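A.B. asks: The structure is given below, and queries will be raised subsequently.
The values are calculated or read from the model by the stated rules, or taken from the named source; none is laboratory data. Note that this is a predicted model, so its numbers are computed, not measured. We place every Cβ from the backbone using ideal geometry, glycine too, and count neighbours over all the protein chains shown. For accessibility, only protein heavy atoms count, side chains too; no ligands or nucleic acids. Shrake-Rupley method; radii C 1.70, N 1.55, O 1.52, S 1.80 Å.
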Amino acid sequence: MNTPEPAQTSVAIAAPMPQPESPPASTPAAAPAPSSPVSGVAPHSLTEDAFALFSATLLIALGVAIYGHDHLLTGGMAGLAFIVHYASGISFGKVFFVLNLPFYVLAWKRMERAFVLKTIAAVALLSLLAEWTPHWISFAQLDPIYASVLGGVLLGVGFLMLFRHRASLGGVGILAFYLQESRGWKAGHIQMAIDCAILLLALWTAPLPNVALSVAGAVVLNLILTMNHRKDRYIGS
């Protein structure tokens, strides 16, 4: 759990933001803030950001629990964390947190500080919730096909909430968010391509039917991002 939009599982917003002052020639420029066809849109408050990060990571943690129950995977850094988890037995939350650490260096140099700080907070929240959720909920019966679709929806909606509040889950999400901000590439397409590559690696730790269902879930996740995370539609920040 790939994507970001990784990532992220995996990614930017058409919300108007204050333009940063031009940096000195000796320092790298930060990613440009997105433009919006609507002026005067109020930015999200700190309380709104905090509630969105909690809500999004809670949804994603539930999706992770569903995938873990049926030995499924997702894309992005979450997918890599699942692979390591299944291969080593180390908990998903611990692996996910550690795998994201190197990407903070890139984000700190190239992305806005608010984005980086909210991303770190989201990764920490998900790492904790992924550890605790299996103790709070259990599944007596969970059909794998239903699990792949429901997990994809939960992760997709969670990622969408994070991206619209200018945050991600690190890793692929940072890369996808930066490429959409700087080059206009659709975050969903970037996330989908990387997710498919990561899911191919999953053949090392999971049976082919499980990987196939995981691919279906990744498609659902990224369709949600592609259809809903668009500069020409979203006008909040």
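A.B. asks: Quick one: count up the residues across region 153-195 that are more than 24 Å from E48 (Cα to Cα) and at pLDDT 85 or above.
C.D. replies: So the count comes out to 0.
A.B. asks: Exactly one of these conditions fails for F97: (1) open to solvent by 70 Å² or more (accessible area, probe 1.4 Å); (2) hydrophobic (A, V, I, L, M, F, W, C); (3) at pLDDT 95 or above; (4) within 14 Å of the chain's Cα centre (by Cα). Give me its number.
C.D. replies: For F97, the failing item is (3).
A.B. asks: I would also like to ask the following. Is it the case that region 170-186 has a residue that's of a type in the set (S, T, Y), surrounded by 17 or more Cβ atoms within 10 Å (Cβ to Cβ), in contact with a Gly (Cβ under 6 Å, 6 or more places away or on another chain) and in a helix (DSSP H, G or I)? Before the answer, list the steps.
C.D. replies: Step one: filter region 170-186 for residues of a type in the set (S, T, Y), giving 178, 182.
Subset that is surrounded by 17 or more Cβ atoms within 10 Å (Cβ to Cβ): 178.
Checking which are in contact with a Gly (Cβ under 6 Å, 6 or more places away or on another chain) leaves us with none.
Within region 170-186 (the criterion being of a type in the set (S, T, Y), surrounded by 17 or more Cβ atoms within 10 Å (Cβ to Cβ), in contact with a Gly (Cβ under 6 Å, 6 or more places away or on another chain) and in a helix (DSSP H, G or I)), the answer is no, since none of the residues qualifies.
A.B. asks: Quick one: count up the residues across region 128-178 that are within 13 Å of the chain's Cα centre (by Cα) and closer than 17 Å to S91 by Cβ.
C.D. replies: 1
A.B. asks: A follow-up question, please. Scan (1) under 28 Å from P209 (Cβ atoms); (2) open to solvent by less than 20 Å² (accessible area, probe 1.4 Å) for the single condition M111 breaks and write down its number.
C.D. replies: Answer for M111: the failing condition is (1).
A.B. asks: What number of residues within region 39-54 satisfy the criterion of being among the β-branched types (V, I, T) and either open to solvent by less than 10 Å² (accessible area, probe 1.4 Å) or in a loop (DSSP other than H, G, I, E, B) (or both)? Steps first, please.
C.D. replies: Filtering region 39-54 down to residues among the β-branched types (V, I, T) leaves 41, 47.
Okay, now just the ones that are also either open to solvent by less than 10 Å² (accessible area, probe 1.4 Å) or in a loop (DSSP other than H, G, I, E, B) (or both), so 41.
The qualifying residues number 1.
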